[in-house]
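Working notes for the structure below.
The values are calculated or read from the model by the stated rules, or taken from the named source; none is laboratory data. Everything numeric in this text was worked out from a predicted model, so none of it was measured. Here the Cβ positions follow ideal geometry from the backbone for every residue, glycine too, while neighbour counts run over all protein chains shown.
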Amino acid sequence: MDIQRPATNKKRNQRIAVIAAVVVGFTLLTGLAFSVAQRPPGVDRDLVYDGAVRRGEFVHEVTAAGSLYAPEIRSVTNQSEGVVERILVLPGRVVGPDDILMELSSPTLLQELADAEAEFEAAEADEFLRRSEAKDSYLNLESSLADATATYETAQLEADAEQTLYAEGASSDLELARRQNAADQQRRRRDIAQLQFDAYPERSAARDEAAQSKLDQQRRKVERLEEKIENLEVRAGFAGVVQEISVEEGQRLSAGGEVARIVNPNLLIARVRVSERDAALIEAGQSVRLEMGRESIMGEVMRIDPAVVERLVTVDVALTGKPTRQLMPDLTVTARIEIEREPETLVVDRPAGHRDDQTEIQLFRLTPDGGRAELVTVELGRVSAREVEVLNGLAAGDQVILADMTEWLEEPVIRIR
């Protein structure tokens, strides 16, 4: 008769228990692994930001970068050649028309002026002497005419007396002819002297005019040189702000070169560049907000350049608002040009990475509890710098992730942890 051993049964039961525990553990781990594999990927909340879809006014605007520009710019040139001795102003200085910007020196001009003054003084002395000699010539002609007239009258009296004697038979034909010839000869001399005397004023005036012209030429030469020396002090000639000094001390300058630029700070416009696509929406008269750091000022579109350069169009904006501080040329500005306003539509803040030409975009819409987000396709309408118009795919009150989620676009759902 066989007797069952209790120890053997106990060991068998232990092995069965261990095997069962292993099987149960493996089953639990497999289920857990499958559950983990099926869970959506998680994204840290600190790495994303969201915004709400709302119904309200949509401002369609175009953003463009540029700078302030001064239409009234005066280019200051030096009228005299010379060497820059001193520069008296620096860029940014407010100047008036008579303010001196710099001083030049030119020993050559000083020598030329001294020579010209000496020539002018000599010409004046020559002119004084000539006029004195002209007066003497006039007196001589007057004296010659008087002598010729007296001589003629005497000869005529003698001829008349001889004619009387001839009529009485007291003179011969030869003597009468001699007296008459002498009278005729003196008359011709008197006539010649009269012609010379009568023609003198005209000849004298011509000589005076020629001499005066030569003297004036010498005077103008002196005046030009004096003006050139005066222009060695380069003046602004225009009220405004010095924008640029383009020369240095010690530099030799030729006449007519640009030495500085002066702008009128009271007349500034903004010159911005917009894309050729947006330029088709812009019209003169549209309202513009110009942002300069923390400050902004209102403006109005005044001109749109018809040319396209590197796919950009230049737009000039007149400043209609009053700035709270002094503005200056070349100050960087951001222009927000208002195209139109839609009083009632669905609007959401512009998502990161969205391009102006995109009409459809994929966004993650948060669940009500905010723990998850599902990928939805959104149809967009008009695009502004800060907002976009929602045509389809979202409803008012929806909360969407606006951060760049490009790396998660293949996941239909994500967890927000």
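Of everything in segment 319-337 that's modelled with pLDDT of 90 or more and surrounded by 15 or more Cβ atoms within 10 Å (Cβ to Cβ), which residue is farthest from Gly381 (Cα to Cα)? Taking the candidates together, the pick is Leu319. Under the condition of being part of a strand (DSSP E or B) and either without any contact (Cβ under 8 Å) to a residue 12 or more places away in the chain or polar (S, T, N, Q) (or both), the residues counted in segment 310-340 number 3.
Kindly indicate whether Glu117 is of a type outside the set (A, V, I, L, M), at pLDDT 90 or above and surrounded by 15 or more Cβ atoms within 10 Å (Cβ to Cβ). When the stated conditions are applied, Glu117 does not pass them. Exactly one residue among Val272, Val313, Val288, Val247 is closer than 30 Å to Glu85 by Cα and buried (at least 17 other Cβ atoms within 10 Å of the Cβ), and that residue is Val247. The C-beta contact set for segment 153-174 (first residue of a type in the set (D, E, K, R), second residue not in a helix (DSSP H, G or I), distance under 8 angstrom, 6+ apart or interchain) comprises Glu162/Ser171. When segment 162-204 is filtered for residues that are of a type in the set (D, E, K, R) and farther than 17 Å from Ser143 by Cα, the ones remaining, listed by number, are Glu162, Glu168, Asp173, Glu175, Arg178, Arg179, Asp184, Glu202, Arg203. Scanning segment 94-113 for residues that are without any contact (Cβ under 8 Å) to a residue 24 or more places away in the chain and touching a helix residue (DSSP H, G or I) at 6+ places or on another chain (Cβ under 9 Å) yields a total of 0. Per the conditions (1) surrounded by 13 or more Cβ atoms within 10 Å (Cβ to Cβ); (2) modelled with pLDDT under 80; (3) of a type in the set (A, V, I, L, M), the sole criterion not satisfied by Val43 is (2). For segment 98-113, the set of residues classified as surrounded by 12 or more Cβ atoms within 10 Å (Cβ to Cβ) and under 15 Å from Val234 (Cβ atoms) consists of Asp99, Ile100, Leu101, Met102, Glu103, Leu104, Ser105, Ser106, Leu109, listed by residue number. Do the conditions hold for Ala279, that is, is it closer than 30 Å to Ile87 by Cβ and either β-branched (Val, Ile, Thr) or within 23 Å of the chain's Cα centre (by Cα) (or both)? So Ala279 does not fit the description; no. Flag: Leu174 does not match the condition of being over 60 Å from the mean Cα position of the chain (by Cα) and either closer than 30 Å to Ala122 by Cβ or not assigned by TED's automatic domain parsing to the domain that holds Ala125 (or both).
Just one of the listed residues (Ala52, Ala65, Ala70) is surrounded by 10 or more Cβ atoms within 10 Å (Cβ to Cβ), touching a Lys or Arg at 6+ places or on another chain (Cβ under 8 Å) and modelled with pLDDT of 65 or more, and it is Ala65. Take segment 250-265 and flag every residue that is surrounded by 11 or more Cβ atoms within 10 Å (Cβ to Cβ), over 14 Å from the mean Cα position of the chain (by Cα) and among the polar types (S, T, N, Q). Listed by number, the list holds a single entry, Gln251.
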